[in-house]
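Just below is one structure, and these are the notes that go with it.
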Amino acid sequence: QFFVFCHGLLQLSQLLISGYLKSTISTIERRYGLSSQTTGLLTSFNEVGNTLLIVLISYFGSRVHRPRFIGCGAILVALAGFLMSLPHFITGRYKYDQSVASIFSNATDLCQPDALGSSRNFSDGSCTPRTAKENHELLLVMFVAQALRGIGGVPIQPFGISYIDDFASERNSPLYLGILFSLTVIGPGVAFMLGSAMLHFYVDIDKVAGEEIQLTNKDPRWVGAWWLGYLIAASLVAVSAVPYFFFPREMPKEVGWGKVRPAVHYSCDFPVVLLRNLRHPVYLLVVLAQVNLSAMVAGLATFMGKFLERQFSLTASFANMIIGAVNIPGAMVGIVVGGAIMKRFQMSLRQCGALCILGMLLCVVLAFPLLFLGCPTQKVAGVTYKDSSGYEHRAPECNLRCRCPERAYNPVCGSDAIEYVSPCYAGCEVVNIDALKNTNYSSCSCISENGLSGSAKPGSCGTGCSRLLLPFVVLSCLAGILASTSHTPSFMLILRSVQPEDKSFAVGMQFMLLRVLAWMPSPVLFGSAIDTSCVLWERKCDRNAACRYYDNDLFRHR
């Protein structure tokens, strides 16, 4: 029972690291200027280390000291967690464009008609060969950490499950495995809640004093303390790794009722077994169905937070809270309900298949309206919105004299409800800060109010349809519950359709196929699809960095 407790703790903290990455994706993109395709690849990169080794490990399972192997794996995972946070400590402060010349920046992006010379290009000074190299190094560190996490995670689940199954009594084994399984599902929920908590803090909380932080977490330039969660999760993994070095290689079997298991003779003829299973139509079709479902889940898990942020103008912190508190628990409920229905009606294989189909059909019906539940893109002058004279350029006449820096990004919302990329682009010449630190821009030549030049407030105008958030969350949660009811019956279809001695091999094959066909490619495909809906890229060193604005309708449909 102590082993089960330790294993539960380890699995939970290991899942914290992987789930936490997904909850901080949009933040890491913004902080290091990455496209969604890159972050998608980063998310799925741990599967590479994992897949290469899983077959070997499962094969040698019975011949090694399993608890020690699990302990070593866990230490690798903890190391990977600490590595993931390293980029924060080796780079300088997070820099963003400011409109107030403060102690940290002498650059102001107000309209300064007297600025002589060509357009001021202060954000380009940041592109030295060193910064370009630094960026590659950061990515390399993160990719290595992900691969390490994949390799370290290999022994944890298969060895833990087989160890428990070998030494638990017939009667208790399903209970123990059920406990572990439920933790596997709770883990990501806890991870998203952790992400939600950490992103409340400013990224450089350890490098700048509180009063120097000028952004609020509603500002589109805000970056939360994404690295903090890794330190917490990795420390947890390291702590839960310790007991494994003290478990024996074999335990006395737990006393309980039930017969001793008959030894199953595994056939060592690998190709024969492989072909026998792959030619089995039920096995093959169910696995392919699971591949499609898992591909969707893997893509959603990675980018759902980002989607909510962009569609409904939420903070990263709030978006993670919704996923951790609503969507993931919904999936858990679905899995439990599916299992309960099966048990209650003692379903045959055919009925299991029917239950899966029904769950999926209802899920599709409920998910269909989600195509239309979302917000149009906010009007951004010169990016997503042309004014009456048909200007699409980012510099209509009204701000030509300002000589705005090419790449400034400090969005303001004009009193005409149109967003401008920076105060300079709105032609604002004056900035006022009152006693409560509220900022306001005035005499903006591009914003006309009753024939006079208007004013602007810092921050994005937002998409302005937050009323659709509730129906969206409710529908997506229900669709998730229905889809996950098929989880247990589809597993049963696989376990009962193959020959008894092929069982563990069939499950191993199934996970292998899910990894290669779903978990690896899916986040990359989702990320690439999201990138195609970008309308304004941040540029770093003459290449696209992170996306500033998406075409929301395209983003949603794709």
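In this structure the amide hydrogen of Tyr549, modeled in the peptide plane, comes within under 5 Å of the amide hydrogens of Val535, Leu536, none closer than 5 places in sequence on its chain.
Positive end of the dipole of the stretch 379-461 (Cβ unit charges, origin at the Cα centre): among Ala417, Val383, Pro405, the Cα lying farthest that way belongs to Pro405.
State in Å² the accessible area per residue of the chain; use a 1.4 Å probe, count heavy atoms of protein chains only, and round to the nearest integer.
Working: 26550 Å² over 558 residues.
I get 48 Å² per residue for the chain.
Amide H to amide H distances under 5 Å link Ser448 with Gly454, where only residues 5 or more positions off or on other chains count and H is placed in the peptide plane.
How big is the equivalent ellipsoid of the stretch 379-461 along its three axes, where each semi-axis is √(5λ) from the Cα gyration tensor, reported in whole Å from largest to smallest?
Numbers: eigenvalues 77, 35, 29 Å².
Here the semi-axes work out to 20, 13, 12 Å.
The phi torsions of the stretch 324-335, fed into the Karplus equation with coefficients 6.51, -1.76 and 1.60 and a -60° offset, translate into couplings of x, 9, 10, 5, 6, x, x, 4, 4, 4, x, 4 Hz, rounded to whole numbers, with Gly and Pro shown as x.
Count charges around Ser317 for me, please; just the other residues with Cβ under 11 Å from its Cβ, Lys/Arg as +1, Asp/Glu as -1. Once positives and negatives cancel, what remains is 0.
Evaluating 6.51 cos²θ - 1.76 cosθ + 1.60 at θ = phi - 60° for every residue in the stretch 348-357, the Karplus couplings come out as 7, 4, 4, 5, 4, x, 5, 4, 4, 4 Hz, glycine and proline recorded as x.
With all protein chains present, how much of the accessible area of the stretch 379-461 (probe radius 1.4 Å) comes from carbon and sulfur, to the nearest whole percent?
Looking at the stretch 379-461 in its full context, I get 49 percent from C and S.
About the Cα centre, and with charges only on the beta carbon of Lys, Arg (+1) and Asp, Glu (-1), how big is the dipole of the chain? Nearest 20 debye, please. List each step's numbers first, then the result.
Working: 45 positive and 36 negative charges, 317 e Å.
It works out to roughly 1520 debye.
A dipole drawn for the chain from +1 and -1 charges on Cβ atoms has a positive end, and of Leu79, Leu361, Gly178 the residue lying farthest that way is Gly178. Put simply, the amide H of Ser169, placed in the peptide plane, has neighbours under 5 Å in Glu254, leaving out anything fewer than 5 places away on its chain. With point charges of +1 on the Cβ of Lys and Arg and -1 on the Cβ of Asp and Glu, referenced to the Cα centre of the chain, which listed residue (His65, Leu373, Ala483) lies farthest in the positive direction of the dipole? Going by the charge dipole, the pick is His65.
Each helix, a run of at least 4 DSSP H residues, gives -39500 (n - 2.57); summed and divided by the residues of the chain, these come to -17500 deg cm²/dmol at 222 nm. Counting charges near Tyr230 (Lys, Arg +1; Asp, Glu -1) among other residues having Cβ under 15 Å from its Cβ returns a value of +2. Evaluating 6.51 cos²θ - 1.76 cosθ + 1.60 at θ = phi - 60° for every residue in the stretch 231-238, the Karplus couplings come out as 4, 5, 5, 5, 4, 4, 4, 4 Hz, glycine and proline recorded as x. Net charge dipole, the stretch 379-461: roughly 200 debye, given to the nearest 20, about the Cα centre with Cβ charges of +1 for Lys and Arg and -1 for Asp and Glu.
Within the chain, what's the longest run with no chymotrypsin sites (Phe, Trp or Tyr not before Pro) in a DSSP loop and at most 11 other beta-carbon atoms within 10 Å? Give the range, please.
Details: sites that count: Trp257, Phe372.
My reading of the result: 1-256 is the longest stretch.
Looking at the chain, what % of its DSSP beta bridges pair antiparallel, to the nearest 5? Walk me through the intermediate numbers first.
Working: 20 of 22 bridges.
Given both bridge residues lie in the chain, the antiparallel proportion sits at roughly 90 percent.
Hey, which of these cross-link pairs are over 21 Å Cα-Cα: Lys22/Lys457; Lys457/Lys540; Lys306/Lys457; Lys379/Lys457; Lys437/Lys457? The pairs that break the limit, which is 21 Å between Cα atoms, are Lys22/Lys457; Lys457/Lys540; Lys306/Lys457.
The values are calculated or read from the model by the stated rules, or taken from the named source; none is laboratory data. The structure presented is a predicted model; accordingly, all values stated were derived computationally and were not measured. Glycine also receives a Cβ, built like all others from the backbone with ideal geometry; neighbour counts cover every protein chain displayed. Accessible surface areas use protein heavy atoms only, side chains included; no ligands, DNA or RNA. Shrake-Rupley method; radii C 1.70, N 1.55, O 1.52, S 1.80 Å.
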